[in-house]
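Visitor: Take a look at this one; I'll ask things after.
The values are calculated or read from the model by the stated rules, or taken from the named source; none is laboratory data. None of the values given here were measured: they were computed from a predicted structure. A quick note on method: Cβ atoms are made from the backbone with ideal geometry, for glycine too, and the neighbour counts reach across all protein chains shown.
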Amino acid sequence: MALITLRQLLDHAGEHTYGMPAFNITNLETLQAVVEAADRTNSPVLLQASSTARKYMGDAFLRHMFEAAVEQYPHLPICLHLDHGNELATCMSAMDMGFTSVMMDGSLLADAKTPSDYAYNVSETASVVEVAHARGISVEGELGVLGSLETGMGEKEDGHGFEGMLARNQLLTDPDEAAQFVAETGVDALAVACGTSHGAYKFSRRPNGDILAMDTIEAIHAKLPNTHLVMHGASTVPQYLQDLINENGGEMAQTFGVPLEEVERGIKSGVRKINIDTDIRMAMTGSMREFLSNNRSSFDTRGALKPGRERTIELCIERNERFGCAGQADKIKPLSLELMADRYAAGVMNHRAA
Ligand code: G3H
Ligand code: 13P
Ligand code: ZN
């Protein structure tokens with residue numbers, strides 16, 4: 001078993017100044033593509049599943065698919081992370097089914113759409129940390145609400161995220177509050193709000209500093225140099241995939257994602273986990289559309305899914321290489337959950353503000 005915790009993985013990334021793409025898994029093909037790309041590039045693997053993805057696949061199928069990935073690639077350190085846990089119970093059920101890391105997203109209430117307040121966020125997150133760390137499992141928290149600095153709108157998509165206007169200070173994580181939050185909760189990684197949002201429609205133009213606040217990340221990193229920062233909504237929404245979709249019957253409006261250079265800039269400032277879901281969805285969708293429009297009489301589901309799996313492999317390879325995790329897998333020896341739990345209990349894992 002080469003399962004690894006998020007904390008150990010990101011500590012290694014921090015020590016060697018690289019970033020870990022956290023790829024969202026939604027079905028067998030996306031999981032296969034991510035681990036295959038990792039294998040080809042000798043990269044550690046950070047697989048994440050949202051609550052929606054868990055419901056879609058079913059926990060039993062998901063657990064066995066994870067186990068299959070670990071069995072097929074025993075030489076790769078693989079972290080299993082719950083994306084956007086909405087409350088303690090959701091995080092507990094993920095821990096019980098073998099996740100080595102959970103996100104408690106207390107920036108929103110348990111309905112996953114109403115912005116919470118600081119006190120609620122601290123208390124929910126700290127209670128997940130207490131349970132998780134006793135089991136050696138890592139916790140990611142979130143401070144600040146994801147949404148657009150261009151429009152001020154929250155980013156409701158697929159039943160997750162706030163729908164409505166937010167003040168600019170809600171859309172940007174405050175560095176002092178971030179330091180306090182990390183000290184009060186003991187999280188292993190902190191997701192921050194800096195103008196990114198989930199889904200394809202992030203920016204109406206290539207983002208500059210007004211709408212993608214990389215300086216906020218830099219300011220948080222200055223306060224919390226040892227805390228692993230997480231960038232959600234970090235898909236690049238590549239033009240070639242927008243074109244592939246639209247040239248094959250799709251109707252996506254022109255849009256812009258987070259340029260890879262901006263992610264690379266973030267990696268220099270403490271961003272260690274980079275969440276990517278939309279790019280994979282687009283690679284799969286565009287490829288299916290292309291196959292089906294080129295093979296109009298076909299009803300071959302495997303034929304329709306295979307090109308997307310190939311494109312996703314290429315996309316993940318590129319991210320692994322650009323973010324610097326390629327070549328790192330065989331340098332990491334995963335520690336057991338028991339050992340991680342002992343370290344938390346000994347109090348040697350706390351992040352401190354500068
Ligand atoms: O949190 C956002 C991710 O893209 C997951 O989306 O809940 O539709 O799986 P999802
Ligand atoms: P994207 O929608 O940009 O891929 O972001 C995914 C994400 O942040 C999952 O938590
Ligand atoms: Zn997210």
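Visitor: If I filter region 154-167 for residues that are farther than 21 Å from L109 by Cβ and not small (G, A, S), do I get at least one hit?
Guide: No: region 154-167 contains no residue that is farther than 21 Å from L109 by Cβ and not small (G, A, S).
Visitor: Just one of (1) out of contact with any helix residue (DSSP H, G or I) (no Cβ under 7 Å at 6 or more places or on another chain); (2) assigned to a helix (DSSP H, G or I) trips up G347, so point out which.
Guide: The failed condition is (2).
Visitor: Moving on. If a residue counts only when it is in contact with a helix residue (DSSP H, G or I) (Cβ under 7 Å, 6 or more places away or on another chain) and away from ligand 2 (no atom under 13 Å from the Cβ), which strands (runs of 3 or more DSSP E) contained entirely in region 130-247 have at least 3 such residues?
Guide: In region 130-247, the matching strands (runs of 3 or more DSSP E) lie at 138-143.
Visitor: Just to check your reading of the model, which residue among P77, P115 is in contact with a strand residue (DSSP E or B) (Cβ under 9 Å, 6 or more places away or on another chain) and more than 16 Å from ligand 3 (Cβ to nearest atom)?
Guide: None of the others qualify; the one that does is P77.
Visitor: Do you know which residues across region 234-278 are basic (K, R) and crowded, with 21+ Cβ neighbours inside 10 Å?
Guide: Selection gives R272, K273.
Visitor: Of the residues M104, M65, which is surrounded by 16 or more Cβ atoms within 10 Å (Cβ to Cβ), at pLDDT 95 or above and within 16 Å of ligand 3 (Cβ to nearest atom)?
Guide: Exactly one residue qualifies, and that residue is M104.
Visitor: Further, regarding this structure: Kindly evaluate R40 against the criterion of being more than 16 Å from ligand 1 (Cβ to nearest atom) and among the basic types (K, R).
Guide: Yes, satisfied.
Visitor: Here's a follow-up. Return a yes/no flag: does region 6-19 have any residue that is more than 14 Å from ligand 1 (Cβ to nearest atom), under 24 Å from N226 (Cβ atoms), in contact with a Pro (Cβ under 8 Å, 6 or more places away or on another chain) and not in a helix (DSSP H, G or I).
Guide: So far as region 6-19 goes, no, none of its residues is more than 14 Å from ligand 1 (Cβ to nearest atom), under 24 Å from N226 (Cβ atoms), in contact with a Pro (Cβ under 8 Å, 6 or more places away or on another chain) and not in a helix (DSSP H, G or I).
For (1) under 19 Å from V182 (Cβ atoms); (2) at pLDDT below 95; (3) within 14 Å of ligand 3 (Cβ to nearest atom), each residue gets a yes or a no:
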| site | (1), (2), (3) |
| --- | --- |
| M97 | no, no, no |
| A119 | yes, no, no |
| V131 | yes, no, no |
| G141 | yes, no, yes |
| L146 | yes, yes, yes |
| E150 | no, yes, no |
| M153 | no, yes, no |
| H160 | no, yes, yes |
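Visitor: Quickly run through region 218-265 and pick out the residues that are more than 16 Å from ligand 3 (Cβ to nearest atom) and either in contact with a His (Cβ under 7 Å, 6 or more places away or on another chain) or among the aromatic types (F, W, Y) (or both).
Guide: Answer for region 218-265, where residues must be more than 16 Å from ligand 3 (Cβ to nearest atom) and either in contact with a His (Cβ under 7 Å, 6 or more places away or on another chain) or among the aromatic types (F, W, Y) (or both): L224, N226, T227, Y240, F256.
Visitor: If you don't mind, there's one more thing I want to ask. Could you list all residues from region 53-91 that are touching a residue at least 60 places away in the same chain (Cβ under 8 Å) and either within 16 Å of L28 (Cα to Cα) or more than 16 Å from ligand 2 (Cβ to nearest atom) (or both)?
Guide: Correct list: V70, Y73, P74, H75, L76, P77, I78, L80.
Visitor: Residue check, G106 against (1) small (G, A, S); (2) in contact (Cβ under 8 Å) with a residue 24 or more places away in the chain; (3) under 17 Å from A134 (Cβ atoms), all met but one. Which one?
Guide: Exception for G106: condition (3).
Visitor: Pull up region 260-288, narrow it to residues that are more than 13 Å from ligand 2 (Cβ to nearest atom), part of a helix (DSSP H, G or I) and among the basic types (K, R), then point me to the one that is nearest to G303 (Cα to Cα).
Guide: Across region 260-288, the extreme among qualifying residues is R265.
Visitor: Kindly establish whether S197 is under 19 Å from the mean Cα position of the chain (by Cα), of a type in the set (S, T, N, Q) and within 15 Å of F256 (Cα to Cα).
Guide: yes
Visitor: Against the conditions (1) touching a residue at least 60 places away in the same chain (Cβ under 8 Å); (2) within 16 Å of ligand 2 (Cβ to nearest atom); (3) among the small types (G, A, S), where does A38 fall short? Just the number, please.
Guide: For A38, the exception is condition (2).
Visitor: Have a look at V237, V271 and point out the one that is more than 16 Å from ligand 1 (Cβ to nearest atom), under 30 Å from T17 (Cβ atoms), out of contact with any Pro (no Cβ under 8 Å at 6 or more places or on another chain) and among the β-branched types (V, I, T).
Guide: Step by step, each of V237, V271 is checked, and only V271 is more than 16 Å from ligand 1 (Cβ to nearest atom), under 30 Å from T17 (Cβ atoms), out of contact with any Pro (no Cβ under 8 Å at 6 or more places or on another chain) and among the β-branched types (V, I, T).
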